[in-house]
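The values are calculated or read from the model by the stated rules, or taken from the named source; none is laboratory data. Keep in mind the model is a prediction, meaning the values are calculated, not measured. As a convention, Cβ positions derive from the backbone with ideal geometry for all residues, glycine included, and neighbour counts pool all protein chains shown.
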């Protein structure tokens, strides 16, 4: 039976992704690899992360991913120029820098097509993979795209999602809380985002990869050389300049 590995929000942490994939997790070609979105923004090399995903696909790995709110920010900025500042102030300047471009329109079409094709959720036999979660108060939670990208505080009503466990990311969670939910599985949800890019925050700064086959996991500290405070200051400068 193939393994089913889920990688959380990467936010441009290419060195951590590459090392974790090749030296820590070491998937076989028949394993399935899922990503919870947020490949881009905030971190040092968003383009490098997407290029590595393309490389894995071309190498024959079974890659599936959902759309994150940061991918949506990029699409919004392309389709509506008035939203560019929102994209820029939430890490988009770091993404443009990784592509060596000044505007979202200069990002090559290959990357935009890939992002635009990302679904909002993936349903498996025992799990749903989604970026942020579901709004269980919605009359049609499977068409509430905004909640799938942005929701934070939600209580699972398992009967609405066929008693399947929700695997998601979106907001950085301390490692001890992630491990509790993996081990206890009391709430039909597991947030696997340990804030890889947030190396300055206590209890975070790791890439947490979960194997859905048996709920085993891998924890890899961030390897990317990224000055997060410099990135934040750059965004503040942009905001004040604008």
Residue 61 vs (1) in contact with a strand residue (DSSP E or B) (Cβ under 8 Å, 6 or more places away or on another chain); (2) surrounded by 19 or more Cβ atoms within 10 Å (Cβ to Cβ); (3) without any contact (Cβ under 8 Å) to a residue 40 or more places away in the chain: all pass except (2)
Here are 197, 156: which of them is touching a helix residue (DSSP H, G or I) at 6+ places or on another chain (Cβ under 7 Å) and surrounded by 13 or more Cβ atoms within 10 Å (Cβ to Cβ)? 197
Only one of (1) loosely packed, with under 14 Cβ neighbours inside 10 Å; (2) closer than 21 Å to residue 70 by Cβ; (3) modelled with pLDDT of 95 or more fails for residue 163. Which number is that? (2)
Of the residues in segment 12-41, those that are outside any helix (DSSP H, G or I), in contact with a helix residue (DSSP H, G or I) (Cβ under 8 Å, 6 or more places away or on another chain) and more than 22 Å from residue 128 (Cβ to Cβ) come to 12, 13, 40, 41
Just wondering, is there one or more residues in segment 114-137 that are closer than 25 Å to residue 18 by Cβ and free of Cβ contacts under 8 Å to residues at least 12 places away in the same chain? yes
Given the structure, is residue 171 assigned to a loop (DSSP other than H, G, I, E, B), more than 21 Å from the chain's Cα centre (by Cα), touching a residue at least 12 places away in the same chain (Cβ under 8 Å) and over 18 Å from residue 53 (Cβ atoms)? no
From the list 36, 20, 16, pick out the single residue that is over 24 Å from residue 74 (Cα atoms) and surrounded by 21 or more Cβ atoms within 10 Å (Cβ to Cβ). 20
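Here's the yes/no breakdown for (1) in contact with a strand residue (DSSP E or B) (Cβ under 8 Å, 6 or more places away or on another chain); (2) modelled with pLDDT of 95 or more:
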residue	(1), (2)
124	yes, yes
131	yes, yes
147	no, yes
153	no, no
168	yes, yes
191	yes, yes
207	yes, yes
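Filter the strands (runs of 3 or more DSSP E) completely within segment 178-226 down to those with at least 2 residues that are farther than 22 Å from residue 31 by Cβ.
189-191
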If you go through segment 46-72, how many residues are under 14 Å from the mean Cα position of the chain (by Cα) and in a loop (DSSP other than H, G, I, E, B)? 3
I want to confirm something. Restricting to segment 100-135 and keeping residues that are more than 15 Å from the chain's Cα centre (by Cα) and buried (at least 18 other Cβ atoms within 10 Å of the Cβ), which single residue is farthest from residue 85 (Cα to Cα)? 127
Residue 89 out of contact with any strand residue (DSSP E or B) (no Cβ under 8 Å at 6 or more places or on another chain), in a helix (DSSP H, G or I), modelled with pLDDT under 95 and within 28 Å of residue 173 (Cα to Cα): yes
Could you check, for segment 88-108, whether at least one of its residues is touching a residue at least 24 places away in the same chain (Cβ under 8 Å) and under 26 Å from residue 32 (Cβ atoms)? no
